[in-house]
1. So how exposed is HIS206, as accessible area in Å² (1.4 Å probe, rounded to 10)?
2. According to a simple spin-label model (label point 7 Å from Cα along Cα-to-Cβ), what is the distance in nm between ARG152 and GLN127?
3. How high is the FRET efficiency from ALA245 to ALA335, r the C-beta distance, R0 22 Å, rounded to 0.05?
4. Sorted by accessible area with a 1.4 angstrom probe, largest first, how do SER90, SER71 fall?
5. Just need log10 I(q)/I(0) for the chain at q = 0.08, 0.11, 0.14 Å⁻¹, Debye formula, equal scatterers on the alpha-carbon atoms, no solvent, rounded to two decimals.
6. What residues have an amide H closer than 5 Å to that of VAL119, excluding those fewer than 5 places away on the same chain, when H is modeled at 1.01 Å from N in the peptide plane?
7. If each of ASP272 and ARG207 carries a label point 7 Å out from its Cα toward its Cβ, how far apart are those two points in nm?
8. Name the long-range amide H neighbours of VAL68: under 5 Å, sequence gap of 5 or more, or other chain; modelled H, no Pro or chain starts.
Amino acid sequence: MPPKPEPACLVIADISGYTGYLAGVELDHAQDILADLIDTMVGALRPPFQLSKLEGDAAFVYMVAPEVDGSLLQDTIEAAYFAFRRRLRSIRQGSTCECDACRQIPTLDLKFFVHYGQVAKQSMSGQEELIGRDVILIHRLLKNNVESKLGRRPYILYTDAVVRRAGIDAPAQRMIEHVETIDIIGEVRCWLRELEPLWQAEDVRHRVEVSAADALVSFQIDVDTPRATTWEFLTAPALRALWTADSTGVREAPVDGRRGTGTINHCMHGKDTIVEEILDWRPQQYVTRRARIFDTGLNLVMTHALSDREGGSTRIDVRVAKPAAEEAQLFGQLAPLLDQSMRASGETLVRLLAEEAARLRAAQTAGPALPVSAGRFATQPVTVGLAPR
C-alpha cells in the first residue's frame, strides 16, 4: 500500500556559519563542538518534536498533529534557541583551549525553518524517511533571500501555512512579512522573527520566582512525563481545566495573541472565578502567577518550577509566597480549603500525566502519537499520590 499522508509540523534547525567555521579550524575539536551543539538543540526540541534525521549541521524534526498550539510552538522553538546560546557561552567560558575551533565558537549561530503540511513515511534502505511536497518545500527554504532583509542575524522563518494553522497573529507580534519564490512550487509567503533581540531580552530579564526561602507553603509533585509535556499540561487552558479541582473552564487573554508574561487567565469554577496574571514565564522552567481567589480579597503568588528526574520524568516544585500582612489572617481562614483544592488538583494531574506517559511509550513502537493539545486523552485511572515537602 502507498504511504498514508499525515498532517505535521516540520522544523529544520540549521547552525549558521558552520561551513566557514569548519574551513578554518581543527577538525577534531570542530566535530566535537558540532555534536555537542546539535545534541543541545535536538534535546530542547523533543518532545514534542521527533527527530527525522540529522543533515550535516542541521536537524530535521517533526510533530504529527492535526492542530498546533501557536504559543507552545513558539515557546519550544525559542527555548531551543536560548538553550543553544547558553551552551555556546558555557563551552567558550569553560574551555581553556586556544585552538581556532574553540576561539571561533562565537561565530556560530542558529536559524529555524517552520512549516505545516502533509507528510508520508517511506522506508528507504532500512531507514524511515519523510516524503512529500511539504518536505521538499521546507528544505528549499534553506536557500533564501532573508539576508537581504535581516543581514546575517539569526531568525525563525515561519511559513504562512504554519502561522495560520497555529493561530499565530504575526502582525500583532511584529513579525516581518517575507516572500520566497521556489522553482515549480512558486511563491511562498513567510513571516520572520529575529532571534538576537529575544536572546538579549531573555539574558537580562528580571526573574519573578517564589524561592523556597520566600515560600509559606511548598510541596513537590513527581510525574512520569518529560518536561515539555508537563509544561503543556500546566499552561494550556484546555488541559488545565482537566486537572484543576472543580474547574468548569479556563479562558485566557494573551498579550499580542501569545501566552506569556502579562497574560490574564479566568479560571471558572461554576459562577465563581479565579483571575490570574502571569508575572513571569520561562517555558519549561517555571511560571509565576498572581491569583485573586474569587471575591475573598485574597491574592496568592505561586510558582510552578520544573526539573528533570531520572528516566525522562519531571518534578514540579509548587511554591506559594507569603501573603501580604493585611491578608495573613484571611489566608489562615482559607488555608484548609486551598490545601484540599491543591491536593485534589495535584492528584488528578499525576493521574493524567501517568496516562499520557503510557501513551507516549506505546507510541515509540506504534508510531508518533498526537500531541495532547490535539485532544487525545486516556481514560483509565492510575494510582497517584503527592510527595509533600
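1. The accessible area of HIS206 comes to roughly 140 Å².
2. Simple spin-label model gives 3.0 nm for this pair.
3. After rounding, the FRET efficiency stands at 0.90.
4. In descending accessible area the options line up as SER90, SER71.
5. -0.47, -0.87, -1.31
6. GLU6, ALA8
7. It works out to 3.4 nm between the two label points.
8. Residues meeting the criterion, in which the H sits 1.01 Å from N, do not exist here.
The values are calculated or read from the model by the stated rules, or taken from the named source; none is laboratory data. Just so it is clear, the structure is predicted and the values come from calculations on it, not from any experiment. Because the Cβ atoms are built from the backbone with ideal geometry, glycine has one as well, and the counts that use them run over all protein chains shown. To get the accessible areas, we keep the full protein, side chains included, count just its heavy atoms, and leave off ligands, DNA and RNA. Shrake-Rupley method; radii C 1.70, N 1.55, O 1.52, S 1.80 Å.
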